[in-house]
Every structure is written in C-alpha cells, then in structure tokens.
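Undergrad: Structure below; questions to follow.
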Amino acid sequence: MPSLIDLRRRIRSVKNIQQITRAMKMVAAARLRRAQDRILAARPYAEALREVVGNLSARVGERGHPLLVEREVTKALLVVVTGDKGLAGAFNTNVIRRARQEIAATAELDLLLIGRRGADFFRRRSSRIRSTHTTIFAKVTFEAAAEIARDISKAFTSREYDAVYIVYNQFVSAMNQKLTFERLLPLEAGGARASPGRPTAAAGAQALDYIFEPSAPEILDRVVPGYVSTQVHRILLDSQAAYYAAQMTAMEAATKNAGDLIDRLKLNYNRSRQAAITKELIEIVSGAKALEG
C-alpha cells in the first residue's frame, strides 16, 4: 500500500493537472464561441455560391470549365485536415485513420497535409506528400485558403491529378463533430449538394431559365476559382470550430475524471491514516500493559 507521503504527493499532482484541464476547457470554450460565429457566418455564403455554380454548370455542361471535367481517376490527391495540437479526444485520430484507409485502397495517391498533427504522422511514415501547411490554424484567413485552392486547382487542370478529395471534421455542435470525406475536384456539374430542406442547384436550373449577361461560360470562368477558395475556407473554419469543440469536451471529461480520482485518493489516504493511528494506539496500549505486568 502507498505511504501517506506518496498519497499526499499524488493528490497534489492530480489537483495541479485538474487546474490545467479546467483552464484549457475555459480557453477552448472562449475560442469555440468565436470560431462558431465565423463558420455560421461563412456557411450561407458558401451554400449560395454552390447554388450559383450549380446553376451555371447545369447551363453550360462540364465542358464549360476545366475544373468541371470528369476523368478516369488514375492518380488522386487527398487533402488531410487535422489540428496543430492534440488533447482533443479522437479528433486527429479519426481523420488520420480515414486517410490511411484511402492510402491503402488507392495505388496512386498523394497527400496535401493541413495541420501539424497530420504532417508529423505521415512524415514519419514516408508517405507521398505534396505539401504541408502547419501554421494555418493559428489564424484562418481567406488568403491562406485561396493559396491552397489555387495550388490544387492548378494541379488538377494540368492533369497532375484526376481528382482531389478532402477529409476533415465538420462542426455540427459543441458536442458533435462529423468526420467528412468528400470530393473537392472536379466540381459536380449541375449536381451541387443540397442542404436539408433546400433544393439542389440542378433543380433550380430546371425550374428557372435565366438570361446571363455576360454569357454563362464567362461568368463561370470568374466564379469557379472563387468558389473553390470559398469551399476550402469553409472547410478550414469547420475544422477549426470542430477542434475547439472536441478539445472543450475532452478537457471537461478530463477535469471530471481528475475530480473522481482525487476523491478516491482522499478516501485511500484517510483509510491509511486511520489505520496508522489505530496501529499506534494499539502499540501504546500494549506497551503500557507490558509495563504494568
């Protein structure tokens, strides 16, 4: 059984850890509030732009822009979005596991890594890495997202890759983050993803016949690059908010577990202390009786 000194030291150590996890939970909650505001503000614009691109692409077809062209996939690029830090439960692990499944299933697959955790993991395993971005989540900006979007768009249009996929954690709520795997390029001509309760762009294109000025292909040439940048920016904001939510939940659980452990250690400490006092009393009484006898 541990000594009283060992138990006191362990109780003090767990209390210090509990203070740290409680502070990290409060910091994550404050950052989550700001990140949640940003992603909720960005989603309506991203969805509206998705409908515009779907409407235009349904009008001009996949030949209207190079980023709409479907090709047989012989070589692909996978964008892996993880966090820069850990202490967020299975946030990073889920993304890395999904990426490894795609690597095992696809012969020709390169990686574009966003986030320090994913970069460190795949760099140690000699994976085929196109580029890494490990400082984006310090401050997510549209400029950084646009730079990544230009890189992958150029690689796709130059036929370096036949498809670009992305895996990340989508923010649903403070208690729920959804692991998401989707195709980023080529864009779906006229088949934009619909939101719950909202029609797809293709349905809107069938219902309404617009007059475009200038022509639809010209508008598409200007809108599509911005659309890709907007989607990458939205994904980064989603991942950032999901990370803070996962970290807040993990630190709340760690704080609670530390409290439970402290209670058990205090109980063991009190039992050991009581046993030691009882033993000393027995020794004193026995010694007194020995002297009397």
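The values are calculated or read from the model by the stated rules, or taken from the named source; none is laboratory data. No experiment lies behind these values; they were computed from the predicted model shown. Heads up, the Cβs are rebuilt from the backbone with ideal geometry, glycines too, and the neighbour counts pull from every protein chain shown. Quick note on the areas: whole protein, heavy atoms, side chains included, nothing else; ligands and nucleic acids left out. Shrake-Rupley method; radii C 1.70, N 1.55, O 1.52, S 1.80 Å.
Undergrad: Per-residue counts of other Cβ atoms within 10 Å, averaged by peptide: what ranking do you get for 276-282, 114-120, highest first?
TA: The packing order, highest mean first, is 114-120, 276-282.
Undergrad: Expressed as a whole percent, how much of the Cα-Cα distance distribution for the range 114-173 exceeds 12 Å?
TA: In whole percent, the long-distance tail amounts to 75.
Undergrad: Run lengths n ≥ 4 of DSSP H only: what is the helix-derived mean residue ellipticity at 222 nm for the chain, with -39500 (n - 2.57) per run over all residues, to the nearest 500?
TA: Result for the chain: -22500 deg cm²/dmol, rounded to the nearest 500.
Undergrad: I would also like to ask the following. Please give me, ordered by residue number, the GluC sites (Glu not before Pro) of the range 4-102 that lie in loop per DSSP and have at most 11 other Cβ atoms within 10 Å.
TA: Loop-located and lightly packed - E72.
Undergrad: If you take the charge dipole of the chain about its Cα centre, with +1 on Lys and Arg Cβ and -1 on Asp and Glu Cβ, which of S239, L109, M26 is farthest toward its positive end?
TA: Going by the Cα projections, it comes out as M26.
Undergrad: So how far apart, in nm, are the two label points at E283 and Y45 if each is 7 Å from Cα heading toward Cβ?
TA: Distance between the two pseudo-spin positions: 7.5 nm.
Undergrad: Turning to a different aspect of this structure: Taking the 0 to 90 degree range and rounding to the nearest ten, how far is the long axis of helix 142-157 tilted relative to the main principal axis of the chain, both from C-alpha atoms?
TA: In the chain, helix 142-157 runs at an angle near 60 degrees to the longest axis.
Undergrad: Write down the Kirkwood hydrodynamic radius of the range 49-99, to one decimal in angstroms, obtained as one divided by the mean of 1/r over all alpha carbon pairs.
TA: Radius from the Kirkwood sum: 14.4 Å.
Undergrad: Evaluate the charge dipole of the chain about its Cα centre and quote only its size in Debye, nearest 20, assuming +1 on the Cβ of each Lys and Arg and -1 on the Cβ of each Asp and Glu.
TA: 1580 debye
Undergrad: Students often get this wrong, so check it: of K25/K266; K139/K178; K139/K256, which have C-alpha atoms separated by over 27 Å?
TA: Going by Cα-Cα distance, K139/K256 fall outside the 27 Å limit.
Undergrad: For helix 91-105, what angle does its Cα long axis make with the longest principal axis of the chain, in degrees from 0 to 90 and rounded to 10?
TA: Approximately 50 degrees, to the nearest 10.
Undergrad: Expressed as a whole percentage, what fraction of the accessible surface of the chain belongs to carbon and sulfur atoms when a 1.4 Å probe is rolled over the protein heavy atoms?
TA: 53 percent
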